[in-house]
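What follows is one structure encoded as structure tokens, with my remarks underneath.
Any read-out appearing in this document is the output of simple, stated calculations on the displayed coordinates, not a laboratory observation. This is a predicted model, so every value here is computed, not measured. Cβ coordinates were reconstructed from backbone atoms using ideal geometry, including for glycine residues, and neighbour counts include every protein chain displayed.
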Amino acid sequence: MSKFNENVFNATNLTVRKREKLFRERNLDSLRERAVAKRTTSLENAQSLWETTAEQFRANGITVFFADTVSSANRFISDNMGESKLIVKGKSLTTEEMELRQVLERAGREVVETDLGEWIIQQRNELPSHFTAPAIHLSAGDVAEMINHKFGENLPPEAHALTAFARRHLREKFKCADAGIIGANAICADPATVLAVSNEGNVSLSARLPEKLFIVTGWDRIYDSIEGMEGVQRLLSGSATAQEYTSYVDFFRKPLPHQQAFLVVLDNGRKALMASEFSEGARCIRCGACLNICPVYEEVGGHTFGKVYHGGIGALLTAFTGKGRDASSIASYCLRCKTCEPSCPMGIPIADLVAQLSESYPLPFYLSLPLKILGRNMGVVSGRGQQNSGSKSASESASGSGVCSDSNSNPAPASREAVFIGCAFRNPLMKKERKEIESALSRFFPNAEILDSGCCGMPHFYKGQLSAANDRLESIRKMFNPYDRIFLPCSSGFAYLREYLGDKIQLMSVAMAETAGKIDSDIPVFYHQPCHLKTGPGTSEKADLNQVIPFSEWENENRCCGSGGTYFLQHPRISRKILSRKETGMDGKFTIVTSCPSCLLQLRRVFGKARVVHSVSFMSESAHGKERRFFTAYQAAAGEEQKGT
Amino acid sequence: MATEWHQVPQHQLDNFVENVKSRFSGQSVSVVESAEFIPDTGAFVPIESKSDAEILFLCEVVVILCRNRQESYEEALRGGFTQACFVSAESKTADIEKKLISGVHGPKECIFVEIQ
């Protein structure tokens with residue numbers, strides 16, 4: 001593992017642990033619902049809020065400029081810089097988007113980034129690689145090497161010494177600067193107030209010592225009230241740096257007596273984002289919590305998985321504020337695993353939005369090829385037609401008759417049930433699992449009909465083939481209509497269809513666990529949680545299975561395996577890196593149980609000596625074992641029902 | 001401790017400040033008055049001039065006097081001010097390998113004094 005990987009991996013993991021602790025201790029999750037509602041309302045009323053806010057700021061002596069484009073914002077700032085030679089600047093993603101520093105430097109001005117991380121990457125001529133920790137990819141050794149080379153120092157690779165040097169160097173810049181530029185995290189409309197958070201104090205110094213102050217913000221930063229802004233500030237600080245309050249929360253209403261102040265409000269695609277079907281993405285407060293927990297980001301960092309904006313949300317923001325080809329490239333790295341979504345303080349469905357985005361910005365041909373090849377083998381990609389319309393009963397299936405029956409010709413039981421096998425089990429590599437599922441049917445689902453008709457449409461959805469996904473969903477809806485409960489062996493298909501079709505969609509393994517007796521195992525059994533079960537109704541699968549399977553504790557059970565359906569074919573090296581984090585710390589024999597066919601194949605790549613089995617297979621095999629007896633209440637109940645009739 | 005909270009009776013305040021100055025002998029110590037504070041959380045400091053900002057930030061130790069207790073800084077925001085800063089800790093960074101370092105630009109020590 002390279003040093004780069006380890007820097008990003010260690011830093012993001014540390015922040016995630018600290019953030020989880022803070023949110024638990026301070027109950028910050030309770031702020032979310034209200035904050036999201038406030039943010040949404042404010043965005044909906046942005047036009048009128050900005051009008052009244054601008055009026056107040058102007059009355060307070062601040063010049064307000066609304067810029068439609070990056071070039072008009074840059075031109076306004078350049079024109080009003082006057083004779084300013086030295087400019088101190090706080091960290092601001094909006095100014096990165098504008099390439100403002102570069103524009104001012106080309107005009108012969110000295111612009112000094114004052115956030116320590118930003119200053120470091122400025123010296124290295126790099127872009128930030130994280131929303132809130134721009135130098136996250138660098139080690140102390142990298143920083144020492146840069147300072148020693150560039151400033152003729154002989155500093156050790158030690159954070160204290162390096163920070164002390166930056167303090168001395170930047171203190172002089174603050175004192176001598178002609179102008180300061182800062183970003184704003186939020187603007188309150190009533191009373192008109194700018195809010196900016198920082199830990200270092202550089203924002204305060206950049207804003208208050210020079211004679212000219214430029215505050216640059218996005219059209220989407222507006223809040224209708226102090227309450228809305230305060231709630232979001234606490235969520236922002238908590239999510240970004242695991243603090244309820246950063247060391248400094250700065251507020252600006254008027255220029256200081258020695259100052260001339262300007263507020264530049266940039267649109268550059270934000271209004272279009274807010275008016276689009278991706279409007280939920282406009283709620284992003286740039287906290288970076290989604291990056292810290294992203295299995296791809298922690299392996300490749302922000303220079304690969306992003307440009308100005310990083311990660312899945314970065315793809316969306318780039319599509320509206322940057323270049324389409326950059327958005328397409330960034331989106332291609334997103335696993336669509338949804339690992340980030342529970343961490344987002346603004347409740348943005350990032351994976352779904354990236355999937356929708358992929359319709360407008362499809363994958364490059366070489367990346368979409370694996371899906372096409374795999375899909376052809378599994379009946380996935382066609383999307384339209386090619387569906388078996390028939391169903392067969394569990395007993396027919398188990399007997400191997402393979403005869404499709406007309407479901408309407410059977411007398412309808414009181415509660416109609418079906419098992420939808422799904423396309424993953426058409427994969428030749430899943431032949432054994434398919435047989436085991438069929439074997440489980442007669443034992444656990446004797447009255448269920450078998451719906452063996454291809455794909456649920458999820459792969460289409462997450463590749464941005466929305467029209468095909470909708471077609472599939474419609475035909476699935478019709479197919480499932482006669483049934484009260486439909487069981488799926490595939491956790492991904494379950495999570496996807498459950499969102500659209502509700503409670504009638506159930507996980508096959510959980511249904512089996514309801515009726516199965518305890519399973520004894522001579523070797524440790526670990527549970528691997530598929531990413532799509534990290535949110536929504538499937539989150540309790542482990543707890544449900546734990547009633548019958550005595551799982552051993554595994555620190556990495558929730559960690560993504562990097563499979564991502566076809567991701568392991570699109571980005572095999574990244575996928576392999578993610579997979580390598582799934583260690584058990586055990587040399588001996590053990591079993592890993594999971595409900596996702598794609599995870600199953602992926603895990604088998606790294607756990608050669610271990611047994612990696614599908615949850616249905618594990619329970620089905622165990623049910624057949626001599627020493628593992630199942631008491632199948634389901635069958636008993638079915639028997640009772642038959643007697644009754 | 002880079003951030004401290006103390007409760008001090010009004011009549012002992014001068015002594016307390018003198019003790020801080022001797023404890024950090026040789027370092028620049030600023031004393032500022034806050035408008036409001038949230039106990040064990042932070043204090044809201046109005047900034048009306050460049051020198052207010054210099055006193056608060058261009059020092060090595062800052063002592064913030066806290067007299068008006070509140071539950072959040074929302075009330076302070078409803079009042080009138082030119083600029084302000086809600087201070088909850090010393091100046092710090094974790095930008096290099098996530099190692100927490102105090103005093104990156106502003107004070108290395110932040111001492112809140114809740115005056116009784």
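Sorting A:W119, A:W50 from the fewest to the most surrounding beta carbons within 10 angstrom yields A:W50, A:W119. Maximal additional length on extending the A:L466-A:N154 stretch stands at 106.6 nm, based on 0.36 nm per residue less the C-alpha distance. Computed from Cα positions, the angle between helix A:615-624 and the longest principal axis of chain A comes to roughly 30 degrees. With R₀ set to 60 Å, the beta-carbon distance separating A:N45 from A:E621 gives a calculated FRET efficiency near 0.55. Cα centroid separation, segment A:17-86 to segment A:461-491: 41 Å. Going by the alpha-carbon gyration tensor, a ≥ b ≥ c the square roots of its eigenvalues, is segment B:8-53 rounded (a/c under 1.5) or, if a/c is not under 1.5, prolate (a/b greater than b/c) versus oblate? Taking the square roots of the gyration eigenvalues as a ≥ b ≥ c, segment B:8-53 is oblate. Within the straight-line cut-off of under 26 Å between alpha carbons, the lysines reachable from A:K431 are A:K372, A:K392, A:K463, A:K542, A:K582, A:K589, A:K609, A:K626, sequence neighbours fewer than 8 places apart in one chain being disregarded. Whole angstrom only: what separates the Cα centroid of segment A:317-362 from the Cα centroid of segment A:198-262? Between the Cα centre of segment A:317-362 and that of segment A:198-262, the gap is 28 Å.
Please work out whether segment A:554-615 counts as rounded, prolate or oblate from its C-alpha gyration tensor, where a ≥ b ≥ c are the square roots of the eigenvalues and a/c under 1.5 means rounded, while otherwise a/b larger than b/c means prolate and anything else oblate? Prolate.
Relative to the longest principal axis of the Cα atoms of chain A, helix A:466-480 runs at roughly 30 degrees. A crude spin-label estimate for the pair A:N27 and B:L13, with each label 7 Å from Cα along the Cβ direction, gives 3.5 nm.
Axis of helix A:70-80 versus longest Cα principal axis of chain A: the two differ by about 20°, to the nearest ten degrees. For A:G238, neighbours were defined as the other residues whose beta-carbon sits under 9 Å from its Cβ, and their charges (Lys and Arg +1, Asp and Glu -1) total +2. Only aspartates and glutamates eight or more places from A:K577 in sequence, or on another chain, were considered; those with a Cα closer than 18 Å are A:E6, A:E298, A:E299, A:E555, A:E557. The ranking of A:E211, B:E18, A:E105 from fewest to most other beta carbons within 10 Å of each one's beta carbon is B:E18, A:E105, A:E211. Taking a ≥ b ≥ c as the square roots of the eigenvalues of the Cα gyration tensor, segment A:279-365 is classed as rounded, since a/c falls below 1.5. Sorting A:L466, A:L441 from the fewest to the most surrounding beta carbons within 10 angstrom yields A:L466, A:L441.
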